[in-house]
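The values are calculated or read from the model by the stated rules, or taken from the named source; none is laboratory data. Source: prediction; values computed, not measured. Backbone-built Cβ (ideal geometry, glycine too); neighbour counts: all protein chains shown. Heavy atoms of the whole protein, side chains included, go into the accessibility calculation; ligands, DNA and RNA do not. Shrake-Rupley method; radii C 1.70, N 1.55, O 1.52, S 1.80 Å.
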Amino acid sequence: MTTLPLTSASADHGRLHCGYFERGECRSCALIETPYGQQITDKEAWCRETLAEAAPRVWLPTFAGGVRDFRNRAKLAVGGSAGHVTLGILDQEFHGVDLRDCGIQAPAIRAVIPMLAGFLDGTELEPYDVSARRGELKFVHVTAAPSGDLMIRFVVRTQHGLDVLRSRKGPLFELIPDASVVSVNLLPEHKAVLEGNREEMLRGESLRMNLDRVDLHLRPQSFFQTNTAVAIGLYNQVSEWVDTVNAKSLWDLYCGVGGFALYCAGPSRRVTGVEVSEQAIESAKVSVAELGIDARFLAGDATEFAEENLSGQSTHLTAGTDGTAADPADVERPDCVIVNPPRRGIGARLSAALENSGVEHIVYSSCNPISLAKELARMPAYEVAQARIFDMFPHTKHLEVAVLLQRR
C-alpha cells in the first residue's frame, strides 16, 4: 500500500498535520487540528473545573506530552487480505485502514511496521474478518523502549496461527534484530478485547524500559504509560513530593511493575508495593535486585491490603509467585500512600480505609479527573496541597493528573 509522507509539525502553531485525519481515515486524535498550546489550555480549564470542590492550593505547570513521536506502544489491528495485510485500525465496516506512517508513534515503531507487514504477508495467514468471524491474524502490539529495543506481540485466533508464526521465528529475528521480546497471544473468542489469556514466548521474557533513574521490566501483559517522557516526568514529580514530606515508610498501591515505588525508594525509606498481577510483581522484584534497594513487592488486592494492614488485621498477600506469605508484623504502617488506580478510581472501600487511617500524606495519580473528584469528596480529612496535569495523551481529551493530599 502506498502512503503519503508525514508532514512535519508546525513550529509556529504546534500542530501535527496528519493526512489520515484530513482524509477521514482515522479520527483517533480528535484534537489534532487544535494548536497544541490551546489543547493544554483547554485541558487545564476542564481539569480545574472538575476538581474545583477539592480546591487545590497550588497548581503546578502542566507537563506537556509533545506534538509527535511520543507514543511508545502501538496496538495495530490486522486487516486486508492474506499476503496484503494492513496494520492500523478497522473502519466502521471492519475494513482495514493502514496507519504505518502515524505521526504520534515513536520513530522505532513507525520504522518497524512495514517490516512486520511484509513478514505477515509472507506467512499467507488470513486477517481475521470480524463480520464473517473467520481468519487468523487479529492484532500486532509493538512497544518501544528508549534504547530502541522492541517487544512484539502477535494476537491470533487459533493454534494454527501460533504454529505458523513459531515456525518462522528465525527469519523474523533476523529481519528485526531489535525485537528483544517476541510472543504470540491466542484470542479464540469473538469479542472486543485486545488479547487472550494464553501467551507463548518466542524470544525473551521482558522488555527493559531504561528510564532516567530506573530500569523497569515489562512482560507482554504488563501495563506501562503510553508516553515515556511524560511517565518519567510523573515519576519524578511524585518522588519529589514524597521527599518533600519526608516519608520514612511508603506504600505504592496498584504499583504495576513498580515505577512509583522504585523512583521513591531510598536508603532511609521502607517501600512496599502492592499489585494484583503476579507477573508485574515478579518484574518489579527484578528491578529491586538490580538496584539493591530496600523495597518489597506483594501480589494481591490493594483494597484488601489497605483494609487489613491499616486496621491491624492479618494480611493474606504473598511476596510473589513462590507462595510465601507476607508477615503481618513486617508490614510497616506508612507515612505516605501512593495510589495509581484504573479509570474507575480506588472505590468506596479503599477511600474509607484511607480516610480513617490517620496517614499523613497521599499521592493520587489519576487518568480520570471525574472519578478522582468523587474519591476526594469521600476523603474530607485530606486537602489537596498541590496538583499537576501530565499530558500523557496529546491530541485527545484524556489526561493524567496527580495530586498531593495532606491530612487536615
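Checking Met392 against (1) closer than 28 Å to Glu278 by Cα; (2) open to solvent by 30 Å² or more (accessible area, probe 1.4 Å); (3) under 21 Å from the mean Cα position of the chain (by Cα); (4) at pLDDT 95 or above, only one condition comes out false. Which one?
Condition not satisfied by Met392: (2).
Please determine, by comparing only the residues of the stretch 397-408 that are closer than 16 Å to Thr62 by Cβ and part of a loop (DSSP other than H, G, I, E, B), which one is least open to solvent (accessible area, probe 1.4 Å).
Leu399
Have a look at Val182, Val164, Val193 and point out the one that is touching a Lys or Arg at 6+ places or on another chain (Cβ under 8 Å) and not aromatic (Phe, Trp, Tyr).
It is Val182.
When the stretch 358-390 is examined, which residues are found to be closer than 13 Å to Leu60 by Cα and of a type outside the set (A, V, I, L, M, F, W, C)?
Gln386, Arg388 - these are the residues of the stretch 358-390 that are closer than 13 Å to Leu60 by Cα and of a type outside the set (A, V, I, L, M, F, W, C).
I'd like to verify a number: residues in the stretch 41-65 that are touching a strand residue (DSSP E or B) at 6+ places or on another chain (Cβ under 6 Å) and small (Gly, Ala, Ser), how many?
Residues flagged as touching a strand residue (DSSP E or B) at 6+ places or on another chain (Cβ under 6 Å) and small (Gly, Ala, Ser) within the stretch 41-65 amount to 2.
Tell me the residue from Val67, Val130, Val97 that is buried (at least 22 other Cβ atoms within 10 Å of the Cβ) and of a type in the set (Val, Ile, Thr), please.
Val67
Any residue that is under 25 Å from Val401 (Cβ atoms), open to solvent by less than 50 Å² (accessible area, probe 1.4 Å) and either modelled with pLDDT under 95 or among the basic types (Lys, Arg) (or both) - is there at least one of those in the stretch 271-279?
yes
Checking the condition part of a loop (DSSP other than H, G, I, E, B) and either in contact (Cβ under 8 Å) with a residue 60 or more places away in the chain or in contact with a strand residue (DSSP E or B) (Cβ under 7 Å, 6 or more places away or on another chain) (or both), which residue from Pro394, Pro380 passes?
Criteria check complete, one pass: Pro394.
Give Leu60, Leu137 a once-over and let me know the one that is open to solvent by less than 40 Å² (accessible area, probe 1.4 Å) and modelled with pLDDT of 95 or more.
Unique residue meeting the criteria: Leu137.
Do we find that Asn246 is open to solvent by 20 Å² or more (accessible area, probe 1.4 Å) and assigned to a loop (DSSP other than H, G, I, E, B) in this structure?
yes
When the residues of the stretch 100-116 are filtered to those that are of a type in the set (A, V, I, L, M, F, W, C) and open to solvent by less than 10 Å² (accessible area, probe 1.4 Å), which remaining residue is nearest to the chain's Cα centre (by Cα)?
In this case the residue turns out to be Ile109.
Can you tell me how many residues in the stretch 35-57 are surrounded by fewer than 13 Cβ atoms within 10 Å (Cβ to Cβ) and touching a residue at least 24 places away in the same chain (Cβ under 8 Å)?
3
Need pairs with beta-carbon distance below 7 Å; first residue open to solvent by 10 Å² or more (accessible area, probe 1.4 Å) and part of a strand (DSSP E or B) and within the stretch 338-367, second modelled with pLDDT of 95 or more and not charged (D, E, K, R); sequence gap 6+ or separate chains.
His361/Val245; His361/Ala247; His361/Cys336; His361/Leu404; His361/Leu405; His361/Gln406
Please go through (1) under 13 Å from Thr303 (Cα atoms); (2) under 25 Å from the mean Cα position of the chain (by Cα) for Arg344 and return the number of the only condition it doesn't satisfy.
(1)
Mind checking whether some residue in the stretch 266-273 is charged (D, E, K, R), over 30 Å from Asp163 (Cα atoms) and part of a strand (DSSP E or B)?
yes
Give the residue, chosen from Glu136, Glu53, that is within 30 Å of Thr41 (Cβ to Cβ) and either more than 21 Å from the chain's Cα centre (by Cα) or among the charged types (D, E, K, R) (or both).
Sole residue among the options that is within 30 Å of Thr41 (Cβ to Cβ) and either more than 21 Å from the chain's Cα centre (by Cα) or among the charged types (D, E, K, R) (or both): Glu53.
Do the conditions hold for Arg408, that is, is it basic (Lys, Arg) and over 21 Å from the mean Cα position of the chain (by Cα)?
In short, yes.
Select from the stretch 5-26 the residues that are closer than 17 Å to Pro107 by Cβ, open to solvent by less than 50 Å² (accessible area, probe 1.4 Å) and in contact with a helix residue (DSSP H, G or I) (Cβ under 9 Å, 6 or more places away or on another chain) and write down the one among them that is modelled with the lowest pLDDT.
Ala9
Anything in the stretch 397-408 that is hydrophobic (A, V, I, L, M, F, W, C) and in contact (Cβ under 8 Å) with a residue 60 or more places away in the chain? List them, or say none.
Across the stretch 397-408, the qualifying residues are Leu399, Val401, Ala402, Val403, Leu404.
Touching a Ser or Thr at 6+ places or on another chain (Cβ under 9 Å) and surrounded by fewer than 19 Cβ atoms within 10 Å (Cβ to Cβ): which single residue out of Gly196, Gly204, Gly256 fits that description?
After applying the criteria, what remains is Gly204.
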